[in-house]
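Undergrad: Below you will find the structure I want to go over with you.
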Amino acid sequence: MPFISVCIPAYRNPHYLSRLLESISIQTFKDFEVIVTDDSPDDLLQPIIDKYNQKLDILYIKNKIAFGTPANWNFAISKARGAWIKLMHNDDWFANENSLDVFASAALNNNGKNFIFSGFNEVKDDSIKKHIINKAEKFLLKKSPFNLFKRNFIGPPSTTLINNNQQEWYDENVKWVVDFEFYIRCLRQTNFLSIDQLLINIGIHNNQVTKEAFGNPAIEIPENLYLLNKIGADSLKNLFVYDYYWRLFRNLKIRDFNEVTSFYSSGKLPDQLKKMLSIQFKIPLSILDFGVFSKSGMLISKLFSR
């Protein structure tokens, strides 16, 4: 059995897949398999697979019916034989030839930590933004996975290496918060190990799901309320969780409960959230638009919601 399964849920964009497979082919660590599950409606990716089949052990599956995100992620993982899962989106790639070796070394010396992630480069056109979790963020993450609501210190799924012992992988009921929800669920059950090296390049472009969902209340509200109900309303006791939901409705400029229920008719609003929104709705948007006033309102709201 391979030590690592590199799972690639693919959709069109052959130049992205070629870049990723090239970065895999030069890895110094060799005890891995590659699984590509292709959701494309055409055969654009077949020539790329044919080319790299000569260099890599690739299991290629052309999905007869597209699974979509994140079901195709789970499908790729379901075919994995490796002890560890390295999910790689096809628009991301390894930063250097030693990336997989560093991940493997971390997994071999994990001391019971089944969730590993590394630093990453955000690459957009010719600009690069570096992300490595700092000491304060590590402290917050060790204290509680709910502190990820402050900021996603982990990054996209391509930054992770996860032990292949999960009973449930990515929740197929959501897309916008799917990685976020999975991280919290995992880290409530196991410890993490962070690698303070830039091992992954994350490609940023306008065709990503996050671009489509950002600022869209029809996506953000139902998914975030589904998430809140799943992790439990008691999570709002965490300041970062409370602030996250305060900012969510403020930024979407939601002004009454009818607007909320128009986007979320399938579930119950927790009482704690109702109290929060009752206060926020009384504050004019012209005031909420000022960060210091909004933050003060949030803190007062949290105080009175106890």
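Undergrad: From zero outward in steps of 10 Å, how is the percent of C-alpha pairs of segment 173-305 spread across the bins?
TA: All Cα pairs considered, the percentages come to 10, 37, 34, 16, 3.
Undergrad: Okay, moving on. Angle, helix 178-187 long axis vs. longest principal axis of the chain, Cα atoms, 0 to 90°, nearest 10?
TA: Long axis of 178-187 versus the principal axis of the chain: about 90 degrees.
Undergrad: Per DSSP helix of 4 or more residues, -39500 (n - 2.57); summed, then divided by the residues of the chain. What does that give at 222 nm, rounded to the nearest 500?
TA: Values: 13 runs with 124 residues, N = 306.
Rounded to the nearest 500, the figure is -11500 deg cm²/dmol.
Undergrad: Then there is this: Taking a probe of 1.4 Å, how large is the accessible area per residue of the chain, in Å²?
TA: On a per-residue basis, 48 Å².
Undergrad: A further question on this structure: Suppose R0 equals 30 Å. What FRET efficiency, 1/(1 + (r/R0)^6) with r the Cβ-Cβ distance, do F281 and K230 give to the nearest 0.05?
TA: 0.75
Undergrad: Among the lysines, select those whose C-alpha is under 26 Å from the C-alpha of K142, and discard any that sit fewer than 8 residues away in the same chain.
TA: Output for K142: K86, K113, K129, K130, K150, K175, K230, K237, K295, K302.
Undergrad: Relative contact order, percent, of the chain when contacts are C-alpha pairs under 8 Å separated by at least 6 residues?
TA: Details: 475 pairs, mean separation 53.2, N = 306.
For the chain, the relative contact order is 17 percent.
Undergrad: If you don't mind, another one. Mind checking the angle between helix 239-251 and the chain's longest principal axis? C-alpha axes, 0 to 90 degrees, to the nearest 10.
TA: Orientation of helix 239-251: about 80 degrees from the principal axis.
Undergrad: A further question follows. Taking the 0 to 90 degree range and rounding to the nearest ten, how far is the long axis of helix 217-231 tilted relative to the main principal axis of the chain, both from C-alpha atoms?
TA: 90
Undergrad: Something else about it: Would segment 61-214 count as rounded, prolate or oblate if I go by the C-alpha gyration tensor, calling it rounded below 1.5 in a/c and otherwise prolate when a/b exceeds b/c, oblate otherwise?
TA: The shape class here is rounded.
Undergrad: Could you check the spin-label model distance between I300 and K138? Points 7 Å from the Cα along Cα→Cβ, value in nm.
TA: In this crude label model, I300 to K138 measures out at 4.0 nm.
Undergrad: Could you run the Karplus curve 6.51 cos²θ - 1.76 cosθ + 1.60 with θ = phi - 60° over segment 14-28 and give me ³J(HN,Hα) per residue in whole Hz, x for Gly and Pro?
TA: So the J values, rounded to whole Hz, are x, 5, 5, 4, 4, 4, 5, 5, 5, 5, 6, 5, 9, 5, 6.
Undergrad: With a ≥ b ≥ c taken as the square roots of the eigenvalues of the C-alpha gyration tensor of segment 257-303, please select rounded if a/c is under 1.5 and otherwise prolate if a/b is larger than b/c or oblate if it is not?
TA: Because a/c hits 1.5 or more and a/b fails to exceed b/c, segment 257-303 counts as oblate.
Undergrad: Now for a separate question. Going Cα to Cα from K79, which lysines come in below 17 Å? Please leave out same-chain ones fewer than 8 positions away.
TA: Hits, sequence-local ones excluded: K62, K64.
Undergrad: Counting only protein heavy atoms and using a 1.4 Å probe, what share of the accessible area of the chain belongs to carbon plus sulfur, as a whole percent?
TA: 52
The values are calculated or read from the model by the stated rules, or taken from the named source; none is laboratory data. Predicted, not measured: the structure shown is a model, and the values here were computed from it. When we count neighbours, we look across all protein chains shown, and the Cβ atoms used for this are built from the backbone with ideal geometry, even at glycine. Ligands, DNA and RNA are excluded from the accessible area calculation, which covers all protein heavy atoms including side chains. Shrake-Rupley method; radii C 1.70, N 1.55, O 1.52, S 1.80 Å.
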